[in-house]
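Below is one structure, written out as structure tokens, with a few remarks after it.
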Amino acid sequence: MKIRVLGSAAGGGFPQWNCNCRNCAGVRAGTVRARARTQSSIAVGPDGADASLWALVNASPDVLIQLRAHDDFQPARSPRDTAIAAVVLVDGQVDHTTGLYMLRESTRPWPLWCTDAVYADLTRGNPLIEVLSHYCRIERRRMPLDGGGFTVEGVRGIRWHALPVAGKPAPYSRNRESPVAGDNVALLITDESTRRTLFYAPGLEGIDAATWQAMQSAACVLVDGTFWSDDEMLRLGLSRQRARDIGHLAQSGPDGMLERLGRLPETTRKILIHVNNTNPILDEDSPERAELARRGVEVAWDGMEIDL
Ligand code: MLT
Ligand code: MN
Ligand code: ZN
């Protein structure tokens with residue numbers, strides 16, 4: 001299967017429109033060597049000649065630009081057409097769902113895979129599904145959390161499993177202060193012919209036993225790369241919240257993401273995604289980026305393709 005990174009930044013993108021942190025100011029001025037990035041999303045599709053249909057995993061506010069960046073997302077089989085067969089959500093965050101508004105011209109209802117907790121958020125705190133019913137319809141598909149897998153219509157030869165993971169639901173959610181299973185999931189996406197699995201979790205507050213087991217089973221982990229340090233936003237005076245307070249496990253420090261990734265088999269491909277604009281790993285000349293290279297950890301970029 002093919003995994004295409006459409007957007008590798010966290011909410012706000014990089015550079016963020018109103019931010020003058022070292023990274024954002026530096027990339028604008030050309031004094032920091034870094035790539036601009038759009039907001040968090042990937043597409044997953046089968047390999048091979050007839051690989052015409054993809055699943056969009058998370059619908060970023062930048063989805064129109066992301067789709068335009070790849071000609072094969074427009075197969076032109078009819079006057080109105082798309083190669084996106086369905087949308088799959090890992091949570092109900094604004095940066096992962098707002099793109100559905102941008103896809104409202106669809107001439108057929110969108111199959112939308114999400115958990116009950118996310119569906120509740122998208123019908124109450126953020127009633128996107130009701131609003132969209134006035135444009136295109138959403139055909140909600142229930143993402144199972146009992147370990148049973150599912151297949152996404154139109155996307156052939158790929159099996160999906162959702163695993164509840166530690167994290168925070170979106171700030172508007174009724175569950176914000178008391179998270180429930182299914183507010184955030186990791187996806188295990190397996191190519192049925194190669195038997196190789198991608199573990200995808202752009203939001204991960206911690207790694208419990210089940211999450212760790214799933215990560216160990218994967219050929220590639222594409223995981224939360226939001227913050228380098230837990231107090232990154234605090235130290236920059238940009239927020240009063242720590243990474244963990246908003247549902248993200250920082251890379252550095254004891255039991256941080258890098259320490260965990262270091263315990264995975266050497267053959268596992270390790271990639272950070274959903275990178276916040278303040279994170280020093282965006283600067284390709286930073287010591288933090290050099291540390292990733294030493295540890296064999298990659299940073300996702302918009303347009304990156306992973307073959308599994
Ligand atoms: C997050 O995952 O915490 C977000 O990127 C927040 C947001 O969408 O602003
Ligand atoms: Mn986010
Ligand atoms: Zn910034």
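Values as computed for the structure displayed
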{"read-out": "Within the chain, percent of DSSP bridges classed antiparallel, to nearest 5", "value": "50 percent"}
{"read-out": "Residue order, fewest to most surrounding Cβ atoms within 10 angstrom, among E177, E139", "value": "E177, E139"}
{"read-out": "FRET efficiency, 1/(1 + (r/R0)^6) with R0 25 Å, evaluated for E291 and R28 via beta carbons", "value": "0.50"}
{"read-out": "Sorted by Cβ neighbour density within 10 Å, fewest at the top, the residues F227, F150, F199, F73", "value": "F150, F73, F199, F227"}
{"read-out": "Bins of 20 Å, starting at 0 and running to the largest distance - Cα pair percent for the chain", "value": "35, 60, 5"}
{"read-out": "MRE, 222 nm, helices only [DSSP H, n ≥ 4, -39500 (n - 2.57), over the chain, to nearest 500]", "value": "-4500 deg cm²/dmol"}
{"read-out": "Gained length - R124 relative to M102, 0.36 nm times residue gap less alpha-carbon distance", "value": "5.9 nm"}
{"read-out": "Potential lengthening between N20 and E305 on full extension [0.36 nm per residue; Cα-Cα distance subtracted]", "value": "99.6 nm"}
{"read-out": "Student exercise, the chain dipole from Lys, Arg, Asp, Glu Cβ charges, in Debye to nearest 20", "value": "320 debye"}
{"read-out": "Label-point separation in nm, T267 to E192, each point 7 Å along Cα→Cβ", "value": "2.4 nm"}
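Coordinate-derived values only; no laboratory data. Source: prediction; values computed, not measured. Here the Cβ is made from the backbone with ideal geometry for all residues, glycine too, and neighbour counts use every protein chain on show.
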